Amino acid sequence: MRSDVLIIGAGGAGLVAALSAHEAGAKVRVLTKEYPTRSQTCMAQGGINAALGNVEEDSVASHIQDTLKSAHGIAEERAVKLLCESAPYAVAWLDSIGVCFSRTKDAKIAQRKLGGAYAARACYAQDYTGLKILHTLYDRCVAAGIEILNERYLLNFITHTPQNADAYVGGATVLNSRTGEVETYESASVIIATGGYSRIYDKHSTNSTRSTGDGIAAGLRAGARVSDMEFIQFHPTALKNSSILISESARGSGGYLVNSKGERFTNELAPRDEVARAIHAEMQKGEEVYLDIRHLGEAFIDEELPQERKLAKLYENVDPVYDLVPIKPVAHYTMGGLEVNKHSQTKVRGLFAVGECANHKVHGANRLGGNSLLELVVFGREAGKNAALYAKDFDKEIDASTFTQSAQNFILGVKHFTNQIDFYEKRSFIGNIFYNNAGVIRDDMGLKAVLGAIRQIQREIPFMGPKDKSKVYNTNLIEFIEFGNMVELSEIILVSAISRNESRGAHYRSDIPQENDIAYKAHTIAWKEEGVLCADFME
């Protein structure tokens, strides 16, 4: 059965897009490799930005300026203006569909200050903001009767390239995890909402193990372009031993960062790239670094930061009401992704992208805290509406047979790969070398060493096949395909980072510590031509 709009991914971005496309009259189908309520959106704890001025004076103009400043000159002002001007309406819409925001004493939506912000702008629901938004969106989709199919793992997109015309999309092939069968879903338009790729850093990431960049890699293979892949935000406060996120709301509420001597060493509410580097510098000196919220008091912590207390007790065996919380910076958010135009459409006609997998050019070199949830609402609604409009005028034939056969051959072929090398060990190895050499601090020699290792792994992939050859719930097979996608994206990240001979936002090169606006106030662009990686800069 063909749909008008096929959405790959059921996190916040995918579900907002689904509701928007449904409201526009489209027949919508959503596919997700896990379950909607387990998406990465639930990890956005701190809040969603909107200049409401409920706690202190604020303005849309200040929100725009904070976002542009954090982006270090390579955000697109038109897109940032749309994002920030739409923010009050986005929050009002979430409120109208039932998101249970925390409230002030006079019943207005509560707001807190996050790093890099002029004012208390982040609307929040305790420290569960993303989770409560996600669950509400899922409830709305269920109530609207939107079809959501779980445990469908994306393989590739169906595309056609007419003579003397640009390619257009016609659906996707997926692997049904439950049955092990390849399934084909035809659609007039497709929205990619599969999230980011920071799990390349393996255990050094706040993200779910499923944040492997599958949609970006598939989009690239379909003919789309990616941009700004080298910009990866490191969250300053993840638990030291587990990399579990401790929300910026802890610092926004007045928490301190202290070293082993008990000294505060940085402005806790500076932009995330600056705070992460300050923590890294302390760690390089041999210092331990801690988050201290003891002075906030048990009543406040249990009311405003209950999740942070639970996480610290569960994963670090410390109680932040009484103890310092050991932390470190780890990979958290990927600013780069599929290049899209003002309609959220990629270079492939009918193929849209939204959320962390897309680059709407609103985050630039360093995302402002509180803007990720805002982006998925503002551009999710735009993407859903635009995909539905595109589908209304879609009058082309879709022949998916060759794509179905190709996907089936791919799965059979992968199962015939030998298992001389354990790809799980290589996955861990990549995570470690990325964290050490392509992490908070980088340099040319370290980046080139990692690139050499990645290209060697690319050559060895046929010797790293899955051990499990079964069909039903073969997670070993899916994790191998995810690994292949991460290796594919790793090369692009490194080529982009090596090419950007400057420091800008989250991309900090110790060998070139200054920004260079003359040569590099531009976006890195990458694409594939007959399987060969191509890259350039574009203003």
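Name the residue that is surrounded by the fewest Cβ atoms within 10 Å (Cβ to Cβ), counting only residues in the stretch 115-132 that are of a type in the set (Ser, Thr, Tyr) and under 22 Å from the mean Cα position of the chain (by Cα). Per the criteria, the residue is TYR128. I'm trying to understand the selection: among the residues of the stretch 42-61, which are among the polar types (S, T, N, Q) and either touching a Lys or Arg at 6+ places or on another chain (Cβ under 9 Å) or at pLDDT 95 or above (or both)? Correct list: ASN49, ASN54, SER59.
Within the stretch 78-94, the only residue that satisfies the criterion of being free of Cβ contacts under 8 Å to residues at least 24 places away in the same chain and surrounded by 14 or more Cβ atoms within 10 Å (Cβ to Cβ) is LYS81.
Residue count for the stretch 45-61 satisfying the condition of being among the hydrophobic types (A, V, I, L, M, F, W, C) and either in contact with a strand residue (DSSP E or B) (Cβ under 9 Å, 6 or more places away or on another chain) or assigned to a strand (DSSP E or B) (or both): 4. In summary, GLU34 fulfils each of the numbered conditions (1) closer than 30 Å to GLU479 by Cβ; (2) modelled with pLDDT of 95 or more with the single exception of condition (2). Determine, yes or no, whether TYR435 is assigned to a helix (DSSP H, G or I), at pLDDT 95 or above and under 19 Å from VAL330 (Cβ atoms). Answer is yes for this residue. Among the residues of the stretch 466-483, some residue qualifies, meaning at least one is hydroxyl-bearing (Ser, Thr, Tyr) and on the phi > 0 side of the Ramachandran plot. When the stretch 196-211 is filtered for residues that are assigned to a loop (DSSP other than H, G, I, E, B), touching a residue at least 12 places away in the same chain (Cβ under 8 Å) and more than 15 Å from ARG152 (Cβ to Cβ), the ones remaining, listed by number, are GLY196, TYR197, ASP202, LYS203, HIS204, THR206, ASN207, SER208, SER211.
Of all residues in the stretch 508-529, those that are in the same structural domain as ASN436 (by TED's automatic domain parsing) and under 24 Å from PHE434 (Cβ atoms) have Cβ atoms under 7 Å from Cβ atoms of residues that are part of a helix (DSSP H, G or I) and among the polar types (S, T, N, Q), 6 or more apart or on another chain, in THR524/SER496; THR524/SER499; ALA526/SER496. Quick one: would you say ALA75 is crowded, with 21+ Cβ neighbours inside 10 Å and either farther than 24 Å from ALA24 by Cα or under 20 Å from the mean Cα position of the chain (by Cα) (or both)? So ALA75 fits the description; yes. Looking at GLY369, GLY364, just one residue is of a type in the set (Gly, Ala, Ser), at positive phi and assigned to a loop (DSSP other than H, G, I, E, B), and that residue is GLY364.
Scan THR266, THR237 and give me the residue that is under 26 Å from LEU314 (Cα atoms) and β-branched (Val, Ile, Thr). Only one candidate passes the filter, namely THR237. Listed by position, the helices (runs of 4 or more DSSP H) inside the stretch 271-333 whose residues that are in contact with a Leu (Cβ under 6 Å, 6 or more places away or on another chain) number at least 1 are 306-315. Filtering the stretch 454-512 to residues that are assigned to a helix (DSSP H, G or I) and of a type in the set (Asp, Glu) leaves GLU460, GLU479, GLU482, GLU488, GLU491.
Which of the residues spanning the stretch 391-426 are in a helix (DSSP H, G or I) and either among the aliphatic types (A, V, I, L, M) or closer than 30 Å to ALA50 by Cα (or both)?
ALA391, ALA407, ILE411, LEU412, VAL414 - these are the residues of the stretch 391-426 that are in a helix (DSSP H, G or I) and either among the aliphatic types (A, V, I, L, M) or closer than 30 Å to ALA50 by Cα (or both).
Looking at the stretch 370-396, which of the residues that are in contact (Cβ under 8 Å) with a residue 12 or more places away in the chain and more than 24 Å from THR194 (Cβ to Cβ) is nearest to the chain's Cα centre (by Cα)? My answer is LYS392. The residues of the stretch 320-375 that are of a type in the set (Asp, Glu) and over 25 Å from ILE7 (Cβ atoms) amount to a single one, ASP323. Would you check which residues across the stretch 360-375 are closer than 17 Å to GLU515 by Cβ and aliphatic (A, V, I, L, M) and list them? Passing the criteria: only ALA365. Would you confirm whether or not the stretch 148-165 contains a residue that is closer than 20 Å to VAL377 by Cβ and touching a Leu at 6+ places or on another chain (Cβ under 9 Å)? So far as the stretch 148-165 goes, yes, one or more of its residues are closer than 20 Å to VAL377 by Cβ and touching a Leu at 6+ places or on another chain (Cβ under 9 Å). Close contacts from the stretch 137-162, counting a first residue that is surrounded by 17 or more Cβ atoms within 10 Å (Cβ to Cβ) and a second that is acidic (Asp, Glu) and not in a strand (DSSP E or B), with Cβ to Cβ under 7 Å and a gap of 6+ residues or different chains, come to LEU154/ASP214.
Selection of the stretch 105-127 for residues being touching a Phe, Trp or Tyr at 6+ places or on another chain (Cβ under 8 Å) and assigned to a loop (DSSP other than H, G, I, E, B) yields ALA110, TYR124, ALA125.
The values are calculated or read from the model by the stated rules, or taken from the named source; none is laboratory data. This structure is a prediction, so every number in the text was calculated from the model and none was measured. Here the Cβ is made from the backbone with ideal geometry for all residues, glycine too, and neighbour counts use every protein chain on show.
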